[in-house]
Amino acid sequence: MERDIARILIPRSRIRQRISELAREISRTYGEDSQGLIIVPVLAGSIIFLADLIRDLPFKMKIGLMTISRYRGAATTGGETQLLQDLTIDITNRHVLVVDDILDTGNTLRTVKSQLLQRKPASLRICVLLRKTAKAPNDIIPDFVGFDIDDVFVVGYGLDYDDNYRNWPDIGVLRPELYE
Ligand code: XMP
């Protein structure tokens, strides 16, 4: 696995530190509303981020699962997205925080957001670990961002290429010859 990574972009220690900061930002923003918050992770890329983030959040919460299809394998973006598995929990009148690994063109989060808004939550906020600033859309503006990064294809810490590398503990840049 190591030889497929061209370079480490964000080391695990920096990720760890930033997640603690994000958790504090989230707690501060929600205040009293944090009790009973519903977290909706965008699967599967957010699983490791989610696991670390929620253990730093010191309040009672629920996790609602939904599955969105995205491009697989090819390291390109902007493809079609669709709802594959509906939300497992009722979010009507509840405060909802969507957690995703990376915001690129915004197609994925646009689909998620429109699906969730139909269910009339009390509020809907978005937290992403990474934001690629090059294509960041005007209509999907995350409330919490871990790191802004350049337009490079990254893997590790939950992010995959063809479902590989999710278990790489740092965020690294995949060697371009592997996907070009
Ligand atoms: P959109 O374009 O929908 O992209 O905002 C978000 C989704 O695209 C995938 N993506 C990546 N996955 N490394 C990855 O492993 C990347 O550099 C990358 N850029 C986009 C990912 O599924 C993300 O949720």
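The values are calculated or read from the model by the stated rules, or taken from the named source; none is laboratory data. Everything quoted here is computed from the prediction, not taken from an experiment. Virtual Cβ from ideal backbone geometry, glycine too; neighbours counted across all protein chains shown. To get the accessible areas, we keep the full protein, side chains included, count just its heavy atoms, and leave off ligands, DNA and RNA. Shrake-Rupley method; radii C 1.70, N 1.55, O 1.52, S 1.80 Å.
Here are some residues: Val145, Val154. Which one is near the ligand (Cβ under 10 Å from one of its atoms), crowded, with 19+ Cβ neighbours inside 10 Å and modelled with pLDDT of 95 or more?
Val154
Got a sec? Which of Leu178, Leu174, Leu87 is near the ligand (Cβ under 10 Å from one of its atoms) and more than 16 Å from the chain's Cα centre (by Cα)?
Leu174
Say we look at the range 30-46 and pick out the residues that are open to solvent by 40 Å² or more (accessible area, probe 1.4 Å) and farther than 24 Å from Asp104 by Cα; which of these is nearest to the ligand (Cβ to nearest atom)?
Ranking the qualifying residues of the range 30-46, first place goes to Asp33.
Here is a check on your reading of the model: is Gln85 over 22 Å from Asp52 (Cβ atoms), in contact with a Leu (Cβ under 8 Å, 6 or more places away or on another chain) and of a type in the set (S, T, N, Q)?
yes
Only one of (1) farther than 24 Å from Asn167 by Cβ; (2) polar (S, T, N, Q); (3) without any contact (Cβ under 8 Å) to a residue 60 or more places away in the chain fails for Thr29. Which number is that?
All conditions are met except number (3).
From the set of residues in the range 97-134 that are over 18 Å from Leu159 (Cα atoms), within 12 Å of the ligand (Cβ to nearest atom) and not hydrophobic (A, V, I, L, M, F, W, C), which is surrounded by the fewest Cβ atoms within 10 Å (Cβ to Cβ)?
Applying the filter and picking the extreme gives Arg110.
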